[in-house]
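Data first, discussion second: the structure below is written as structure tokens.
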Amino acid sequence: MAHPSQLGFQDAASPVMEELLHFHDHALMIVFLISALVLYIISAMVSTKLTNMYILDSQEIEIIWTVLPAIVLILIALPSLRILYLMDEINDPHLTVKAIGHQWYWSYEYTDYQEIAFDSYMVPTQDLAPGHFRLLEVDHRMVVPTEAPVRILITAEDVLHSWAVPSLGVKMDAVPGRLNQVAFIASRPGVFYGQCSEICGANHSFMPIVVESVPLEYFQNWSALMLEDA
């Protein structure tokens, strides 16, 4: 998760987020190169008094400053489109979880294998256990198996919400009357935090999302315990 004074992104916990980080670095290098070129041109124009009539009226230069931006746009657009299609690709998910946004908590339903459903409320500050994070911890985490394709069906019961977990590279709006879907693969065990990313009401910042990725055998034990409690 993020830490104080952090400037970059959170560590990637899914293949899609790794691709997004690589694309960010790729685009940022292009921005740095363009900025350096523009700064050099501005400084050269300010510091020199010489004027070349051939440069002021040159077809070759006009061709260059038309073709180069087009090439730069292509270098940015192609990787961006590739990641866009990767994020929408959902092939044979091993688990489907339905996330429903309420004012102001999330509820989850596991209906693939067993009838498991629970609500996920933020833990009040006075009830936090040592090591838990204020405004981010919940009483019931969404547990998923590691290295397994997981599909999340997202909707809302009352107003607009948004289910977002930055480490997994997922963010999808929860719209009343509409079922959206997003997929991810947790590449390593861990606990990943997110929050509702839509201004859904007065307590919108108090409905956190916690995804716990565990090995398959632990996920099976967890699901068995949830069925016993039900």
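Less than 15 Å from a label point 7 Å out along the Cα-to-Cβ axis of Leu86: which backbone N atoms in the stretch 12-29 qualify, by residue?
Only 12-27 pass the distance filter.
Sequence-distant or interchain residues sharing an amide H contact under 5 Å with Leu95, placed H: which?
Under 5 Å from the amide H of Leu95 lie the amide H atoms of Arg151, each far enough along the sequence or on another chain.
Once both labels are modelled 7 Å past Cα along the beta-carbon direction, what's the Thr125-Ala27 spacing in nm?
It is 3.6 nm.
Just reorder Ile209, Ile30 by solvent-accessible area, largest first, 1.4 Å probe, all chains present. Intermediate values should be presented prior to the final figure.
Numbers: Ile209 0, Ile30 25 Å².
Correct descending sequence by accessible area is Ile30, Ile209.
Mind checking which of Leu75, Leu50, Leu39 has the largest fluctuation in a GNM of the chain, springs on alpha carbons under 10 Å?
Leu50
Counting helices only, and only those DSSP H runs with n ≥ 4, report the 222 nm mean residue ellipticity of the chain as the sum of -39,500 (n - 2.57) divided by its residues, in deg cm²/dmol to the nearest 500. Numbers along the way, then the final one.
Numbers: 4 runs with 81 residues, N = 230.
Dividing the helical sum by the residues of the chain leaves -12000 deg cm²/dmol.
So what is the relative contact order for the chain, in percent, with contacts set as C-alpha pairs under 8 Å and at least six apart?
21
With a cut-off of 20 Å, note down the residues of the stretch 117-141 whose backbone N falls inside the zone around a label point 7 Å from the Cα of Ala224 toward its beta carbon.
Answer for the stretch 117-141: 117.
Provide the per-residue ³J(HN,Hα) series for the stretch 180-187, in order, calculated from phi with Karplus coefficients 6.51, -1.76, 1.60 and θ = phi - 60°, each as a whole number of Hz, with x at glycine and proline positions.
9, 9, 8, 10, 7, 10, 6, 7
Could you grab the relative contact order for the stretch 95-229? Cα pairs under 8 Å, six or more apart, rounded to a whole percent.
Reported relative contact order: 27 percent.
Compute, for His3, the solvent-accessible surface of its heavy atoms (probe 1.4 Å) with the complete set of protein chains present, and express it in square angstrom to the nearest 10.
Its accessible surface works out to 110 Å², give or take rounding.
Using DSSP to call loops (not H, G, I, E or B), can you name the trypsin sites (Lys or Arg not before Pro) in the stretch 135-210 whose Cβ has at most 15 other Cβ atoms within 10 angstrom? Display every interim value, and only then the final one.
Working: sites: Arg141, Arg151, Lys171, Arg178; in loops: Arg141, Arg178.
Those that pass, being in a loop and sparsely packed, are Arg178.
Return one number: the angle in degrees, 0 to 90 and rounded to the nearest 10, between the long axis of the Cα atoms of helix 59-88 and the longest principal axis of the Cα atoms of the chain.
10
Quick check: the angle from helix 15-47's long axis to the longest principal axis of the chain, C-alpha only, nearest 10 degrees?
The two axes meet at around 30 degrees.
Positive end of the dipole of the chain, charges at C-beta (+1 Lys, Arg; -1 Asp, Glu), about the Cα centre: which of Leu81, Cys200, Val159 has its Cα farthest in that direction?
Leu81
For the chain, take the longest principal axis of its alpha carbons; what is the angle in degrees between that and the long axis of helix 216-229, to the nearest 10 within 0 to 90?
The two axes meet at around 40 degrees.
Could you tell me what percent of the accessible area of the stretch 15-88 is made up of carbon and sulfur, with a 1.4 Å probe and every protein chain present?
Looking at the stretch 15-88 in its full context, I get 76 percent from C and S.
Need one word for the stretch 15-88: rounded, prolate or oblate. Basis is the Cα gyration tensor (sqrt eigenvalues a ≥ b ≥ c); a/c below 1.5 gives rounded, then a/b vs b/c decides.
It is oblate, given that a/c is not under 1.5 and a/b is not larger than b/c.
Whole-Hz ³J(HN,Hα) for each residue in the stretch 192-199, computed from phi via Karplus 6.51 cos²θ - 1.76 cosθ + 1.60 with θ = phi - 60°, x for glycine and proline: what do you get?
10, 9, x, 9, 4, 9, 10, 6
Please return the longest stretch of the chain lacking exposed loop sites, where GluC sites (Glu not before Pro) count only if DSSP places them in a loop and at most 12 other Cβ atoms lie within 10 Å.
The segment 116-230 is the longest one with no such site.
With θ set to phi - 60°, apply the Karplus curve 6.51 cos²θ - 1.76 cosθ + 1.60 along the stretch 122-135 and write out the HN-Hα couplings as whole Hz, x wherever there is a Gly or Pro.
So the Karplus estimates, Gly and Pro as x, are 5, 7, x, 4, 5, 9, 5, 7, x, x, 7, 9, 5, 6 Hz.
Compute the accessible area per residue over the stretch 15-88, keeping the other protein chains in place, probe 1.4 Å, unit Å².
Counting only protein heavy atoms, the per-residue value for the stretch 15-88 is 85 Å².
The values are calculated or read from the model by the stated rules, or taken from the named source; none is laboratory data. Being a predicted model, the structure only gives us computed values, none of them experimental. Reconstructed Cβ throughout: ideal geometry from the backbone, glycine too, with neighbour counts over all protein chains shown. For the accessible areas, the whole protein counts, side chains as well, though only heavy atoms, and no ligand, DNA or RNA atoms are used. Shrake-Rupley method; radii C 1.70, N 1.55, O 1.52, S 1.80 Å.
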